[in-house]
Structure formats: structure tokens, C-alpha cells
1. Carbon and sulfur atoms: what percent of the 1.4 Å accessible area of segment 246-382 do they account for?
2. Helix 138-153 sits at what angle to the longest principal axis of the chain, using alpha carbons and giving 0 to 90 degrees rounded to 10?
3. Expressed in nm², what is the orientationally averaged projection area of the convex hull enclosing the Cα positions of the chain?
4. Normalising by the residue count of segment 123-214, find the relative contact order in percent from Cα pairs under 8 Å and 6+ residues apart.
5. In terms of the Cα gyration tensor, with a ≥ b ≥ c the square roots of its eigenvalues, is segment 146-224 rounded because a/c is under 1.5, prolate because a/b exceeds b/c, or oblate?
6. For segment 144-191, state what percent of all Cα-Cα pairs lands in each successive 5 Å bin, counting from 0 Å until the bin that includes the largest distance.
7. Each residue of segment 81-88 in order: what ³J(HN,Hα) in whole Hz does its phi give by Karplus 6.51 cos²θ - 1.76 cosθ + 1.60, θ = phi - 60°, with x for Gly and Pro?
8. Enumerate lysine pairs in the chain that are 8 or more residues apart or on different chains, then count those whose Cα atoms are under 16 Å apart.
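The values are calculated or read from the model by the stated rules, or taken from the named source; none is laboratory data. It should be emphasised that the depicted structure is a prediction, and the values quoted were computed from it without experimental measurement. All Cβ positions, glycine included, derive from the backbone under ideal geometry; neighbour counts span all protein chains shown. Calculation scope for accessible area: heavy atoms of the full protein, side chains included, ligands and nucleic acids excluded. Shrake-Rupley method; radii C 1.70, N 1.55, O 1.52, S 1.80 Å.
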Amino acid sequence: MQKNSCFREFIKYSSLNVLGMIGLSCYILADTFFVSKALGADGLAALNLAIPVYSFINGSGLMIGMGGGIKYTIFKSQGKDENADRVFTNAAVLTVLIAAVFFFLGLLCSGVLTRLLGADAEVFELTRSYLQVLMMFAPMFMANNLFLCFVRNDGAPQLAMAAMIVGSLSNVVLDYVFMFPLGMGMFGAALATGTAPVISMLIQSSHRLRKKNQFHLCRCRMSPRLALGIFSSGFPSLLTEVSSGIVMIVFNMIILGLAGNTGVAAYGVIANISLVVISIYTGISQGIQPILSSSYGQGNQKNVSAILRYAQWAVILISAAVYLLMFFGAAPIVGIFNSEGNALLQQIAETGLKIYFTGCVFAGLNIVHSVFFTSTERPLPAHVISLLRGFILIIPLAFLLSSLAELYGVWAAFPVTELLVCAVGVVLLSRYR
């Protein structure tokens, strides 16, 4: 009975969160589709240059939300309600402070940041326009991530899923309205993306209006120790998001030298599809986090092990389906985003999809293993996994393999990195057990 109950909880939380994360990831995928239709290859290149900044903003919100959610659930499972409210209050203040930094950087330094990201004269203004609006909406993105994590940890995964999906669908609708009937171009794409988290938070407000929420702001001092604990538990989530942004910056630099703006546009297609696939794995990992933390807080090691096993099998089965789709459907998938019928873009992106996505199963396992460690208050192994896959291995491998095999080497850097990190993760898990 206990095993069946554990499996039902896994299915409930992970499936709802996967659906929500797919919806959330479609923020950028919708932009990619509509920008390709309205602005062609230059628009795609500009979007791909600006997207890494979104990863930093989103990752910062997830770091505080996931780190705070883990601490909140452990305290709640132990009956320490006052401590749980202190966690939420500290997390909310941290969100405001970091979001303000992004906001003012976008307001005052968007041109400088656009140059640092490598935009040339052809795509400079398109990139700057998207980047500035995106950063000025940072408080909305980060607050949305904070509330999503706490609502999910407060026993309302259905509401969190609904908020993510409705927010994403609104982005798709607004993308079309702003870019085509209203002709707002790149500014319209960014405005639609920034409006989506506002709608998502309005959906989540029903949790408070119906007085079902158990997390509250309270009068307390900011605790450096508690803030450090939130950052430590959420740091792997930040690294997962930020590493994708940094990898995109590095890959953009390498690909610009090998294949110019067309190559960057082709990579934009691959990277944005990858964001959706990675969101599935993130959905599984964020879905299991509340039940892992609750079981761990109650000392139920049997459930902790069972949930990890279910998540690993889910990743393996989903990855097999994803790769078959990418291998046999590469041409029509790329064609959706290749509105100009650019033959070089089509060829580069098709080849890239088939090589790049061989690493998806290892990436999924790495994300699950990282969240498993943080959810059970073992942040160090999670930090090792996140740092290896985010910076330490993939960046030097990208330069090394691209020097040996040019674009083929760039695409191979991702699966080689994820495979090596997965091997490290298996060793760390065996030591844990």
C-alpha cells in the first residue's frame, strides 16, 4: 500500500509539473517561431544572442524558489510552521533585491550588454530591443518562479501547472497579436514574453484568495544563515539554467567564427528545442522535490529511494522517445522555423539535432540526480554535478572538439559532457547508498 501511494504521488507531482514546465518553456519557443516568421534569420540570430540573459533571470528565480521550497517543506513536515514562514519571507526579500539588479541593468546598460553578447551591426538593434524589455520584466519572471515553487510545495501542484500553462498560452497569443496585427516586431515578442508571468501570478493568487496557502510573510530579520541555506539548496537549479545561457554564449561565439549568422540561427533552432526537452527533465525533478523533501524530513528512506528510481526510469523512457523523434523528424522540425527556406540553415540544424540530442538521456539523469541531492540536504554532490556539466567540462570540450571537427565537434560537446558527468553522478549515488 505504501509503495502504491508513493508511486501515485510521484505520478501526480511529476506529470503535473512536466506539463507546466513544457508550457513555461514554450515562452521562448513561441518567440522563436513567430520571430522566424516575422524577421527571418536575422531575427533568429538576435533572439539566440539575447536568450542567455533569460536563463540568468529564470535561474535566479528558480534558485530562490527551489532552495526556499526545499527548506519550507522540510520545516513543514517537522511541524515547524514559524520557521517555514521565516523561509518564505527571506526568500521573498532576496527575490526583490536580485530582481532589482536585473531591472536597472536592463534600463541603463542594455546596449553594453548587447555588444558583450557578440551582436554585430546587422542584428544589434533587434538584440538590444529584446534584451532591454526582457530584463525590465525580471521582477515578474523571478516572482513567478518563487510563487510557483511555494504553491507546489504547499500541496497545490495542479494550480502551479495551470498557472504555467495559461501563462505560456497567453504568451503564444500575445506573440501573434503584437508581432503581426500590431507590427511591433522584436519589441512585441519581448513584451509578450514579459506579460506571461504576470498572468501566471494572477492564476496563482486564487491559492491565497481561497485561504488554502500555509506560507505567509512574517515580521522577522533577514537571516544570513538562512539566506545561505536557501542559496545552497537552490544553487544547482541556478547552475542548470545559467549554464545553458553560458553554453549558448560560448557556442554562439564559436559558431559565428565557423558559419556566421546563419550558423547561429541554426543553433538557435537546436537550442530552443533543447530548452523544451530539458524542461521535461526539470519538470520531473521539480515534481519529485516536494515529496522527496517531505519523505526525507519524516525519515522515510524507503520512499526517498523509490521516488529516485521512478524518476530515473521516467527520464530513460522519455529520452528514448525524444531521440527517435529528433532522428527521424529532423527535417520537418527544422522546417517549421526555417521560414525563408534557407538551405544552409536547414542542413546545419538537421545535422546538429541528430548529434546534439544523443546526450539528452544523460542530461535528464544529471538534472534528477542533482535535485535528489539538494532535496535530501546534500548540496555538495549536487554542486559537483552542476558545475561539471555547466562550466568545467562543456566549455573546454566545445573549444577542443570544434578545433578538431568544426561544427560536428560543437554539436558533440553536449553529449560527451553529459555522459561524463552522468558517470560521476552514478559514483556519487553509490557512495550515498
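1. Solvent-exposed carbon and sulfur of segment 246-382 make up 69 percent of the total.
2. Taking Cα atoms only, the helix is inclined about 40 degrees.
3. 19.8
4. 40
5. Verdict is prolate for segment 146-224.
6. The percentages, shortest bin first, are 5, 22, 21, 13, 12, 12, 10, 4, 1.
7. 5, 5, 5, 4, 5, 5, 4, 4
8. Here the count comes out as 4.
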